[in-house]
Amino acid sequence: MFESFKVPKELIPSDPRFGVGPSLIPTEAVEKLAKTGHELLGTSHRREAVRNVVKEMQEGLRTYFKLPADYEVVIGNGGATMLWDMIGLGLIEKAPYHFVCGEFSDKWFRANKNIPWLKPDAKKVEFGQGINPAEMPGYDFIACTLNETSTGVMLSELPGVNAETIMAIDATSGAGQIPIDFKKSDLYYFSPQKVFASEGGFYVAIMSPKAIERAQKIAKDNSRFIPESLKWAHAIENSRQNQTYNTPSISTIFFLNEQVKLMNKLGEDQVVKEAKRKAALLYGWAQEKSYLSPFVKEEKFRSQAVATIDIDEKFKADDLANVLRKQGIVYDIDSYRKLGRNQFRISMFHNVSYENLEKLTKIISLAIETTI
């Protein structure tokens, strides 16, 4: 259907990357890393040069999120998927309750179901619908997802919880663009390959004193087996020294730090304002065109980090996405594979410019309207 479509020169984006992860790493950051020569790459992560980068990144995140003074920025290797096991083994006593609205929030729930001594339960909604967490009597851990990457659904509010309950938030694709009240959060974690424009295989976990205390309490339970690589005590101890327990990818930390510095120049309020502007552009476009519609129907749950846009079945989204990729014009706007919808999934992360998103909407509309 779209094989003969050619993008007009004036609509070609300055960068073709619109995917929701891995995200757009600025070429300037790559060039800056190259200029460090032999000072970082190929050196020990226990040495001062690397630890200084880690410290700057941790302090930068503390500044960006305006964290309470007694919260800690804990880091380690493995990414959010690995962290689900680490959380289940070392931060949940008996009963976690999950609020599930997509593939990744469901994977977290399934990870806890695999741990034999836990008794997890969940409230689930259809994919594309939003759900806000609530305190659940009898459960010591509440699990929710700030921004469901698979569906483009975000939280609209957080509850307060009692002193015996951990409020945990998987913030992977929303951290940095969907603000929360950290006083209501005990564990807020993310992988940096989304808004924070780094690579995978790494995690940041922002922990309250309550979460630190829970980790220390469970660590003393000798009847519970926890592999050394998944022990919170190691992660916390090393993070306090601006290190990771085992050897990290220095480039991942470097890119994360560069992005934190970039976003701190604006501050979270301005970054969020720009994210909302991008969201208004994409959802407004989807509502304006008869052949498009936002996948998420309830406006308050529409993500300001990941937009999911349905397209009329007469026009095949995958076909257009493939044509644009082959031309080197637009990369990775395909829908999440397991949804099976005729849909575009578009990143609105900080480094994806408003101007390029505007060009993308015009490209898609032109391609479709030339076939009508």
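Only one entry of PHE202, PHE190, PHE182 meets the criterion of being touching a Gly at 6+ places or on another chain (Cβ under 7 Å) and within 26 Å of PHE255 (Cα to Cα), and that entry is PHE202. Could you check, for segment 96-112, whether at least one of its residues is among the hydrophobic types (A, V, I, L, M, F, W, C) and at pLDDT below 95? No, that holds for no residue. Of the set (1) of a type in the set (Gly, Ala, Ser); (2) modelled with pLDDT under 95; (3) not in a loop (DSSP other than H, G, I, E, B), all apply to GLY340 but (3).
Looking only at residues that are of a type in the set (Asp, Glu) and either farther than 27 Å from TRP108 by Cβ or not in a strand (DSSP E or B) (or both) in segment 48-93, which one is modelled with the lowest pLDDT?
The selected residue is GLU48.
For segment 183-208, filtered to residues that are among the polar types (S, T, N, Q) and farther than 17 Å from GLY78 by Cα, the residue that is surrounded by the fewest Cβ atoms within 10 Å (Cβ to Cβ) is SER208. Among the conditions (1) surrounded by fewer than 21 Cβ atoms within 10 Å (Cβ to Cβ); (2) assigned to a helix (DSSP H, G or I), the only one that GLU313 does not satisfy is (2). Report, by residue number, each residue of segment 16-42 that is surrounded by 14 or more Cβ atoms within 10 Å (Cβ to Cβ), in contact with a helix residue (DSSP H, G or I) (Cβ under 9 Å, 6 or more places away or on another chain) and assigned to a loop (DSSP other than H, G, I, E, B). Residues satisfying the conditions are PRO16, PHE18, ILE25, PRO26, THR36, LEU40, LEU41. Checking each residue in segment 111-130 for being touching a residue at least 60 places away in the same chain (Cβ under 8 Å) and in contact with a strand residue (DSSP E or B) (Cβ under 9 Å, 6 or more places away or on another chain) picks out PHE127, GLY128, GLN129, GLY130.
Quick check on my filter: what residues within segment 267-308 are assigned to a helix (DSSP H, G or I) and of a type in the set (Lys, Arg)? The answer is LYS273, LYS276, ARG277, LYS278, LYS300.
For the subset of segment 62-85 comprising residues that are aliphatic (A, V, I, L, M) and surrounded by fewer than 23 Cβ atoms within 10 Å (Cβ to Cβ), which member is nearest to the chain's Cα centre (by Cα)? Steps first, answer last, please.
First, pick out the residues of segment 62-85 that are aliphatic (A, V, I, L, M): 67, 69, 73-75, 80, 82-83.
So of that shortlist, the ones also surrounded by fewer than 23 Cβ atoms within 10 Å (Cβ to Cβ) come out as 67, 69, 73, 82.
Values: LEU67: 19, ALA69: 24, VAL73: 16, MET82: 14 Å.
Ranking the candidates gives MET82 first.
Set side by side, the residues GLN216, GLN243 differ, and just one is more than 30 Å from PHE344 (Cα to Cα), modelled with pLDDT of 95 or more and crowded, with 16+ Cβ neighbours inside 10 Å, which is GLN243.
The values are calculated or read from the model by the stated rules, or taken from the named source; none is laboratory data. All of these numbers come straight from a predicted model, not from anything done at the bench. Glycine gets a Cβ as well: all are built from the backbone with ideal geometry, and neighbour counts include every protein chain shown.
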